[in-house]
């Protein structure tokens with residue numbers, strides 16, 4: 001057991017004291033932010049290669065390949081609460097039916113790039129998504 005010094009005992013008796021400790025509570029685990037995931041959409045699209053990212057304007061951009069026919073689709077969701085935006089997909093082109101897809105964004109100029117495998121199953125293509133996808 002430790003005893004308080006006479007100066008600390010005297011300080012306890014004062015009526016006006018400044019707090020010496022400040023407590024801030026945040027949703028972190030160790031030094032990492034804990035992500036609180038929530039489902040935004042449960043679609044009826046067939047399972048297949050897909051990807052998504054958040055563009056510089058805050059919209060969600062997605063791409064997917066329909067494995068039944070190799071069609072590549074893309075979408076842009078500006079308001080996640082609008083169900084119609086989640087169900088609207090735009091055809092891009094025919095790709096390999098086993099193609100993987102990826103999206104990349106350049107936050108400096110709000111560019112969004114779509115990467116995919118051509119129908120020859122060897123050629124990787126990179127396409128710039130047009131201004132309507134950049135916000």
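Observations on the model:
- Taken as a whole, the condition of being assigned to a loop (DSSP other than H, G, I, E, B) and either at pLDDT 85 or above or surrounded by 13 or more Cβ atoms within 10 Å (Cβ to Cβ) (or both) does not apply to residue 109.
- Residue list for segment 56-97, filter: out of contact with any strand residue (DSSP E or B) (no Cβ under 8 Å at 6 or more places or on another chain) and farther than 18 Å from residue 42 by Cα: 57, 58, 67, 68
- Filtered by the rule that a residue be at pLDDT below 80 and touching a helix residue (DSSP H, G or I) at 6+ places or on another chain (Cβ under 9 Å), segment 1-21 gives a lone residue, 17.
The values are calculated or read from the model by the stated rules, or taken from the named source; none is laboratory data. Keep in mind the model is a prediction, meaning the values are calculated, not measured. No Cβ is skipped: glycine too gets one built from the backbone with ideal geometry, and neighbour counts run over all protein chains shown.
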